[in-house]
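Worksheet: the structure to be examined is printed underneath.
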Amino acid sequence: MKKKKIYRAFILPAIITMVIIMIIPFLFAIYITFHDVNLLESGGAFFFAGIKNFKTFFTDKRALNSVATSVKFLVGALTLEMFLGVAISVFLDRKFPGKGIIRALVIIPMFMTPVVSGLIWRAFFDPNAGIVSYLFKLITHRQLDMLGTMSGAMWGIIIVDLWQWTPFVILLVMASLDSLPEETIEAAKVEGASEWQMIRHVKIPMVKPTIIMAAMLRALEALKAFDTIYVMTKGGPGSATETMNMYAYTVGFEFYRIGYATTISFIFTIVVSLGLSKLLQRTNAL
Amino acid sequence: MDQDAIRKKNIRTRKRLLRGAGFWAGTIVILLFFTAPLIWLVSTSFKNYIDAFAMPPKLIFKPTLENYITVFGKANFFNNMVNSIISAVVPTVLGILVGVPCSYAIAMLMDKKGAKNLSFFFLSARIAPPIMTLLPLYIIYSKIGLLGSRWGIIIMYTLMCIPIVVWLMPVYFRDIPNELREAALVDGCSEFRTFTSIILPLVRPAIAATAIYCVIITWNEFLIALILSNKTSQTLPVMVTSFMTFQGTQWGPMTAAGSIIMIPMLIFGFVIQKSFARGLASGSVKG
């Protein structure tokens, strides 16, 4: 009994803090979604609007396009990050001199300030003076304007995301590979498993929980990506890289239509939470 | 017969050498891809305007400090740095103070359903995009006068730190053998005393790593600071974007500022990478 009480005292401060700074704004956000709030036109006065904002969302082409863009970005970035992350981890999973240093160097990008990363890659993709464009021209003799074309810009932001966050997958998967029991690996070797069989049927199945975990965290973060997109394309050209998150920002803090912007991010949050809890149920069943 | 054996052995060694060469070639490609942007950033920060965009990139050049002088000469640079330090350290301390006891309780209750729901509650803070909280807070802040204040940012950053702590820490508490705790309890220590004087010292390295991770995350944060800060409370990541002007980007000072911002975080990252990989992988959702 006494034990339980002290745990409650340990948990409460965290819960209270979270409720005050998360739940209250969240409830207020729901209230806002049913109102027209425009900071420019009416100085932030609230006008009840019913479900108008939700109706607008489903007829707003730009909003629906931002949903598609988010999905495209998520699928592209997540697939490449998981594939490269697992491949590189398995590739580096052997004994060689300097392993510790090399691993530490490979995961550098995940600690780099995202805004600065975005700016660096913007310089790399510069059609006239960027290294990537230069190398591209050297090989193909063609001009490359990565961030200036619709499909190029999407690839541009995916490349930056995978460059910055594949290291996160590598860090997790390599740590998990390191902790595999020696005996299992040895046993498979004695049985005469080839290196490929070992990777395919022993190592990867054993680190699968970590891979799923990493994919889930990456998916969550990729959906929220903002900093790099903001400095590289600001959603452009046109609205080629305007994700839901980016669109909500533009509507909220460039058009100052707070009511509608809140509705966009509210719909986003609900959809992602539902998706995630479905996913959690399924992975728990595994 | 003998010659055949020697030939076979030769082929095998050659194969091994070839595979070794392939491995190192692959490793170098991987390394280059992940480190080139950092190398470019730091080297460009020491180049003058002409060298910076010479193609092919100049590997040998006369280093100059003019970009750093420009950055340090900016009127608000040191003010921004102070803002960045305060907005990273205060939320981290608050997050640790509130989050560590909570993690301990979660670790001890982990088998129960309640603890699992708790973990999900903290995870949910990571699902909503910051903009979801930012929009209502923007209105609340402007009503109560917190808009543009350092405290407004600190509040939001604390909201980021608590879930990180609760996500990373429980696994380290679960590692502590139960006998240790029970022995202390039998000896007449209260639960609270056991926690503060037996358990906490054991997880001190983990707390340090978690705190450093919180500092990295808040130091690098951009969107919240962009929206909630003004000229006097703005942090370094927001300041960096001020080198993007209508006349084009001032790459020299930008790379210098970028290097100044990033180097301390890279050192931090280097220090903690080993110890916190486990906490990351365990994650509270698995429960």
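Tabulated values for the structure
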read-out	value
Distance from region B:95-145 to region A:160-179 (C-alpha centre basis), Å	25 Å
Region A:34-285: relative contact order as a whole-number percent, Cα under 8 Å and 6+ apart	30 percent
Cα centroid of region A:1-79 to Cα centroid of region B:189-241, whole Å	24 Å
Neighbour-count ranking [beta-carbon atoms within 10 angstrom, fewest first] of B:Lys47, B:Lys58	B:Lys58, B:Lys47
Cα-derived Rg over Rh, computed across region B:67-286 with Rh taken as Kirkwood radius	1.05
Given charges at beta-carbon only (K, R positive; D, E negative), |dipole| of region B:160-267 in Debye	340 debye
Cα gyration tensor shape for the protein assembly as shown, rounded if a/c is under 1.5, else prolate or oblate	oblate
Candidate lysines for bridging to B:Lys274, where Cα separation is under 23 Å - those fewer than 8 sequence places away on the same chain excluded	A:Lys95, A:Lys99, A:Lys203, A:Lys208, B:Lys286
Peptide B:135-144, shielding by other chains (average Cβ, 10 Å cutoff)	6
Placed amide H near B:Thr249: partners under 5 Å, 5+ positions off or other chain	none
Sparse-neighbour loop sites [trypsin sites (Lys or Arg not before Pro); region A:36-110; at most 11 other C-beta within 10 Å; DSSP]	A:Arg94, A:Lys95
Cα gyration tensor of region B:204-266 - equivalent ellipsoid semi-axes, whole Å, descending	27, 15, 7
Ranked B:Trp151, B:Trp219, criterion: other C-beta atoms within 10 Å, fewest first	B:Trp151, B:Trp219
Cβ-derived FRET efficiency at R0 25 Å, A:Glu254 paired with A:Ala68, nearest 0.05	0.75
Positive-end residue of B:Ile131, B:Val203, A:Ser265, charge dipole of the protein assembly as shown with Cβ unit charges	B:Val203
Mean Kyte hydropathy of -0.5 or more with a Cα span along the axis of at least 30 Å, helices from DSSP in chain A	A:61-91, A:150-178, A:258-285
Ranked packing of A:133-140, A:7-14, most packed first, by mean Cβ within 10 Å	A:7-14, A:133-140
Peptides ranked, highest mean first, by Cβ atoms within 10 Å: ranges B:265-277, B:174-186, B:28-40	B:265-277, B:28-40, B:174-186
At R0 = 45 Å, FRET efficiency that the Cβ-Cβ distance of B:Asn117 and B:Asn10 yields, to 0.05	0.10
Value of D in µm² per second that Stokes-Einstein yields for region B:2-65, Kirkwood Rh from Cα pairs, at 4 °C (1.567 mPa s)	85 µm²/s
Within a Gaussian network of chain B (alpha carbon springs, distance under 10 Å), most fluctuating of B:Ile261, B:Ile69, B:Ile144	B:Ile144
Charged-residue dipole, Cβ positions (Lys, Arg, Asp, Glu), chain A about Cα centre, Debye nearest 20	760 debye
Chain B: most fluctuating residue of B:Ala88, B:Ala125, B:Ala256 per GNM, C-alpha cutoff 10 Å	B:Ala125
Rounded, prolate or oblate (a/c below 1.5 giving rounded, otherwise prolate when a/b exceeds b/c) for region B:1-130 by Cα gyration tensor	oblate
Mean ellipticity per residue at 222 nm, deg cm²/dmol - from DSSP H runs of n ≥ 4 across chain B, formula -39500 (n - 2.57)	-25000 deg cm²/dmol
DSSP loop GluC sites (Glu not before Pro) with at most 12 other Cβ within 10 Å excluded, longest remaining stretch of chain A	A:42-190
In region A:141-249, the trypsin sites (Lys or Arg not before Pro) that fall in loop regions by DSSP, at most 10 other Cβ within 10 Å	A:Arg142
A:Leu80 paired with B:Leu59, simple spin-label distance in nm, labels 7 Å along Cα-to-beta-carbon	2.7 nm
Residue with peak Gaussian network fluctuation, chain A [Cα springs, cutoff 10 Å], from A:Trp163, A:Trp121, A:Trp196	A:Trp196
Fewest-first sequence of A:Asp178, B:Asp2 by Cβ atoms within 10 Å of each Cβ	B:Asp2, A:Asp178
MRE, 222 nm, helices only [DSSP H, n ≥ 4, -39500 (n - 2.57), over chain A, to nearest 500]	-22000 deg cm²/dmol
Distance histogram in 5 Å bins (all Cα pairs of chain A, percent per bin)	1, 5, 9, 11, 12, 13, 13, 11, 9, 7, 4, 2, 1, 1, 0, 0
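Each value in this text was obtained by applying a stated rule to the coordinates, not by laboratory testing. Everything numeric in this text was worked out from a predicted model, so none of it was measured. As a convention, Cβ positions derive from the backbone with ideal geometry for all residues, glycine included, and neighbour counts pool all protein chains shown.
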